[in-house]
Structures are given as structure tokens and as C-alpha cells.
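I have placed the structure first, in the form of C-alpha cells, so that the comments after it can refer back to it.
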Amino acid sequence: MQDELLRVRGLAKHFDSGTELVPVLSDIDLTLGGGGSLALMGRSGSGKSTLLNLLCGLEQPDAGVISVCGELFNGRQPRNGRGDSRRWADLRCRHIGVVFQEANLMPAMSLLDNVRLRAGLAGQDPDDCSAWLERLEIGELAGRYPDQVSGGQRQRAALAMVFAMQPALVLADEPTGSLDRHTADDVADELFRLQAKTGCALILATHDAELAARCEQRLDLAHTAPA
Ligand SMILES: Nc1ncnc2c1ncn2[C@@H]1O[C@H](COP(=O)(O)OP(=O)(O)O)[C@@H](O)[C@H]1O
Ligand SMILES: [Mg+2]
């Protein structure tokens, strides 16, 4: 394992349902090196998506410390206004790529323009983007719009977008969950192939034990969920 990329200590999160406070995560510790991989498992509602959202700053913890890509965020202190928000936004823009269950592509842009936009925001050369679509075997679909391709092809385009930013860390939230088994296996193969090739770290939330077994580490949130 290369140098430490992510360190989480004592992370906790609850939501306010309106009538009660619902604890979701408590006392989560994680360590991941550059190029490492971690599977997040747990039943639906166990907090997998919430944890991924905390790890890219889309949610704020109640307690705990997150050190990621050289930036330190302390959840015990009130959020440091725009300072923390800006640092998280910069990490999401340049260093932390997120893949969701459904590819979140801009519907009015071609697949290639989607990848170019994402790469450009991350400071990467938009001219390399056709090559990312080729690597994901959808080069011939570059000019199509997201609603003109299949779910598996959209998810390949989502992977192209994320890897074109050349992230240090990819957070994948059930990235194959909306696909049939065969297509899901192909997309998962691409995800692990590109992770190995680019050397980024990966955190993968999944229900699928076979997929989880392909990661080096595993955290089962069913065992950490608060009573
Ligand atoms: N924004 C929110 N407001 C209130 N409750 C939420 C919110 N987001 C998630 N939850 C609750 O937190 C729990 C964990 O949700 P989630 O992280 O989506 O689980 P998973 O991804 O493992 O299915 C669930 O009980 C869910 O209802
Ligand atoms: Mg989820």
C-alpha cells in the first residue's frame, strides 16, 4: 500500500426525521492507502451512501475527523464556513471522483462532451477524452446523447468521466446496481481494470459479496450501525 490517502477516525452521523434523531453511523474508523480498495457492505439503510457522502463533503458529520488527499476536516468543530466547503468542492472537482448507481450525465450533452466537461473542470486535457471513451469500448458512441445509449453504456460513460479527471480516490455507490448481471459484471471489470491501471484508490458500496471480495479491505456497516 502506498502512502495514506484517507484516514477517518470516530466518524458519526445522525439525521433528524422531524420527530426524532435517527443515528446512522457511529465511531467509524477507516484507513486507505493510495491505490487501495475498500468494499462498504451492509443492508439497505445501513448508511453506505451516507458514509460516501461524508467522504466527499456532501454531508457533514456530527463528530469525527476525515483526512483525505492531504486535507483535514474536523467534524467536531462547527463547519468552517466557506473554507471547508471550498476545500471539499475543490477535492470533488479535482481529486475525488464519484460514480452513482445511475450515471449522472448531462442529458443535453453528448457522451464525449460530458467527459470533456468533467475532465476540463479537473484541469485535465479535454483532448484526451476520446481515448477514455475508446478505453471503455464506447468510442463509436461519442456523439450520442445519454438517452440514446443503454444503461450499461451510460455507466461506461460515467466511468470515463470519472477516470478522465485522473482522481486519487473514486467513490462508487452501487455502480452496477441498476444493471443486469452480465452487464454489471462487464462494468465492474472495467472499474477494477481502470483502478489498477491508474493507481487510484477505490471505495465501493455494494450489496454484492462477489464484488466486495475483489476489494482488498471490507467494512460491514451492519456491524457498526448504532443500536
Ligand atoms: N437526508 C436524509 N434525511 C433523513 N434521513 C436520511 C437522509 N439520508 C439518509 N437517511 C437515512 O439514513 C439511513 C441510511 O441511509 P443510506 O446511507 O442511504 O443507506 P444505504 O446507502 O446503506 O442504503 C436510512 O435510514 C435513511 O433513511
Ligand atoms: Mg445507498
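The values are calculated or read from the model by the stated rules, or taken from the named source; none is laboratory data. Note that the coordinates shown come from a computational prediction; the quantities given were computed from them, not determined experimentally. Positions of Cβ are backbone-derived with ideal geometry, glycine not excepted, and every protein chain shown enters the neighbour counts. Remember, those area values only see protein heavy atoms, side chains included, never the ligands or the DNA or RNA. Shrake-Rupley method; radii C 1.70, N 1.55, O 1.52, S 1.80 Å.
Among strands (runs of 3 or more DSSP E) lying entirely in region 1-106, which contain 1 or more residues that are surrounded by 13 or more Cβ atoms within 10 Å (Cβ to Cβ) and among the hydroxyl-bearing types (S, T, Y)? Reasoning before the result, please.
On the way: elements: 4-16, 21-33, 37-41, 63-68, 71-74, 96-99.
In region 1-106, the matching strands (runs of 3 or more DSSP E) lie at 21-33, 37-41, 63-68.
State whether one or more residues within region 34-42 are modelled with pLDDT of 95 or more, under 18 Å from L202 (Cβ atoms), polar (S, T, N, Q) and within 12 Å of ligand 1 (Cβ to nearest atom).
no
Mind listing whichever residues of region 15-33 are more than 8 Å from ligand 1 (Cβ to nearest atom) and farther than 25 Å from C69 by Cα?
G18, T19, E20, L21, P23
How many of the residues in region 120-176 are of a type in the set (D, E, K, R), in contact with a Leu (Cβ under 8 Å, 6 or more places away or on another chain) and open to solvent by 40 Å² or more (accessible area, probe 1.4 Å)?
Taking region 120-176 and keeping what is of a type in the set (D, E, K, R), we get 125, 127-128, 134-135, 137, 140, 144, 147, 154, 156, 173-174.
Among the residues that remain, those that are also in contact with a Leu (Cβ under 8 Å, 6 or more places away or on another chain) are: 135, 144, 154, 156, 173.
Narrowing further to those that are open to solvent by 40 Å² or more (accessible area, probe 1.4 Å): 135, 144, 154.
Qualifying residue count for the region: 3.
Could you give every pair whose Cβ atoms fall below 7 Å, whose first residue belongs to region 194-208 and is more than 18 Å from R7 (Cα to Cα), and whose second residue is part of a strand (DSSP E or B) and more than 16 Å from ligand 1 (Cβ to nearest atom), counting only separations of at least 6 or pairs across chains?
Q195/S37; Q195/V170; Q195/L202
What about G123, is it at pLDDT 95 or above and not in a helix (DSSP H, G or I)? Even if it seems obvious, please write down each step before you answer.
Details: at pLDDT 95 or above: yes; not in a helix (DSSP H, G or I): yes.
Answer is yes for this residue.
Where the second residue is more than 16 Å from ligand 1 (Cβ to nearest atom) and in a loop (DSSP other than H, G, I, E, B) and the first is of a type in the set (A, V, I, L, M, F, W, C) and lies in region 58-75, which pairs have Cβ atoms under 6 Å and are six or more apart or on separate chains?
From residues that are of a type in the set (A, V, I, L, M, F, W, C), the pairs are A63/G75; A63/R76; C69/H95; C69/A168.
Here is a list of conditions, (1) within 16 Å of ligand 2 (Cβ to nearest atom); (2) of a type in the set (D, E, K, R); (3) closer than 22 Å to L111 by Cα, and D220 meets all of them except one; can you say which number that is?
Failing condition for D220: (3).
Search region 8-25 for residues that are within 15 Å of A222 (Cα to Cα) and pair each with any residue that is among the basic types (K, R) and within 9 Å of ligand 1 (Cβ to nearest atom) when their beta-carbon atoms are under 9 Å apart and the residues are at least 6 apart or on different chains.
What qualifies is P23/K13; V24/K13; L25/K13.
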